[in-house]
Amino acid sequence: DLANALIDTLPKAELHLHIEGTLEPELMLELAKRNKVSLPYDTVEDVRNAYQFDCLQDFLDIYYLGMSVLKTERDFHDLTWAYLERVQQDGLTHVEMFFDPQAHTDRGVAFETVVAGITSALEQAKREYGITSKLIMCFLRHLPEDQAFEALDCACKHKDHIFGVGLDSSERGHPPEKFERVFAAARSEDFVPVAHAGEEGDSSYVRGALDVLKVERVDHGNRAFDDPALIRRLAEQQTPLTMCPISNWRLKGIPDLAASPVKKALDAGLLVTVNSDDPSYFGGYLNDNYRAVHDNLSLTEGEIVTLARNSFAGSFLTGAEKQVQL
Ligand code: HPA
Ligand code: ZN
């Protein structure tokens, strides 16, 4: 039907995508063999069977284990290329991609290796598919502030390739205030700030991301709906939210897809976008997430178009670049 045709063919940007969360079980096992890394899985089926989560932390434990197979520049290139090849068929024309360098440098993989592998695939996608991109380095919020500063020092040597900074990993107990100084330093180095907030943490985490970290976009933001004044503010300021419906469902942040806040966000006039987060782990790429909200929230065709337009409006493309895409 028309809605599905729109979902498949509309140009779309993805604004909430962790490249390490695109590692498919087939590639995980191939890289484990190539790099002689031992995993607690023998088959693709074993890997997929492990993907049952009751909360964010359940997922993160498996996510950090899975990425232990990534060692060389070629591994990061292959990982990134596999994602780009997959989503170019979905009408994706722009991606703002997160990566988690501390999860690699802690295992002895050089920061430069990670950035070089991801960047070469992004450049190839620009040449071969015309896909544009921005790379956002996330700080792991469960780790101490001084380690985030070390990551920021590394990023400063790669300003030509790293556009922004973000904040991810275990949310509750690690509020935005913990990273106030790191974000201030990152902003003064001209990195554009975003942060995960209100995925599991309460609405004060969303306020903290805005007021303390001074983010230009909020990743998830679900719990903002507990605070009507905050929703009015997000609507007035048109702060983009990057929501991830299938992720929320698979991590039990919502009981079913019909409980996704995407429709409420549209109705409240928020600049809401739909994204995949960690598509391999949650079993859905970008268009699967659009279909999930269309089917479960009874979105109109007009609302599907709005979501696709919002994906560019909420991106960090410049005004002129957005005009071309919209
Ligand atoms: N939330 C927090 N940290 C993450 C996520 C997420 O959805 N994906 C990868 N790291
Ligand atoms: Zn995320």
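Answer yes or no: is there a residue in the stretch 21-39 that is of a type in the set (G, A, S), within 16 Å of ligand 1 (Cβ to nearest atom) and crowded, with 18+ Cβ neighbours inside 10 Å. Yes; the residues of the stretch 21-39 include at least one that is of a type in the set (G, A, S), within 16 Å of ligand 1 (Cβ to nearest atom) and crowded, with 18+ Cβ neighbours inside 10 Å.
Helices (runs of 4 or more DSSP H) fully within the stretch 41-90 that include at least 3 residues being within 14 Å of ligand 1 (Cβ to nearest atom) and hydrophobic (A, V, I, L, M, F, W, C): 56-66. Sort out which residues of the stretch 1-51 are among the β-branched types (V, I, T), touching a helix residue (DSSP H, G or I) at 6+ places or on another chain (Cβ under 6 Å), more than 16 Å from ligand 2 (Cβ to nearest atom) and farther than 17 Å from T93 by Cα, and write them in order of number. If the condition is that a residue be among the β-branched types (V, I, T), touching a helix residue (DSSP H, G or I) at 6+ places or on another chain (Cβ under 6 Å), more than 16 Å from ligand 2 (Cβ to nearest atom) and farther than 17 Å from T93 by Cα, then V37, V44, V47 are the ones that fit. Look at V272 and say whether it is aliphatic (A, V, I, L, M), within 16 Å of ligand 2 (Cβ to nearest atom) and assigned to a strand (DSSP E or B). Spelling it out, V272 is indeed aliphatic (A, V, I, L, M), within 16 Å of ligand 2 (Cβ to nearest atom) and assigned to a strand (DSSP E or B). Of the numbered criteria (1) among the acidic types (D, E); (2) touching a residue at least 60 places away in the same chain (Cβ under 8 Å); (3) within 16 Å of ligand 2 (Cβ to nearest atom); (4) more than 25 Å from Y290 (Cβ to Cβ), the one D54 fails is (3).
When the residues of the stretch 192-223 are filtered to those that are under 19 Å from the mean Cα position of the chain (by Cα), more than 16 Å from ligand 2 (Cβ to nearest atom) and of a type in the set (A, V, I, L, M), the one that is farthest from I136 (Cα to Cα) is L210. Checked against the criterion of being away from ligand 2 (no atom under 16 Å from the Cβ), among the aliphatic types (A, V, I, L, M) and out of contact with any Leu (no Cβ under 7 Å at 6 or more places or on another chain), the candidates A110, A121 yield just one match: A110. The C-beta contact set for the stretch 177-198 (first residue surrounded by fewer than 16 Cβ atoms within 10 Å (Cβ to Cβ), second residue acidic (D, E), distance under 8 angstrom, 6+ apart or interchain) comprises R181/E145. Of the residues L140, L135, L122, the single one that is within 17 Å of the chain's Cα centre (by Cα) and either closer than 25 Å to G253 by Cβ or at pLDDT below 95 (or both) is L140.
Cβ-Cβ distances below 9 Å connect the following pairs, each with a first residue in the stretch 215-232 that is away from ligand 1 (no atom under 16 Å from the Cβ), a second residue that is among the aliphatic types (A, V, I, L, M) and part of a helix (DSSP H, G or I), and a separation of six or more residues or different chains: F225/I231; F225/A265; D227/V206; L230/V206; L230/L210; L230/A224; I231/A224; I231/A265.
The values are calculated or read from the model by the stated rules, or taken from the named source; none is laboratory data. Keep in mind it's a predicted model, so treat the numbers as computed, not measured. Backbone-built Cβ (ideal geometry, glycine too); neighbour counts: all protein chains shown.
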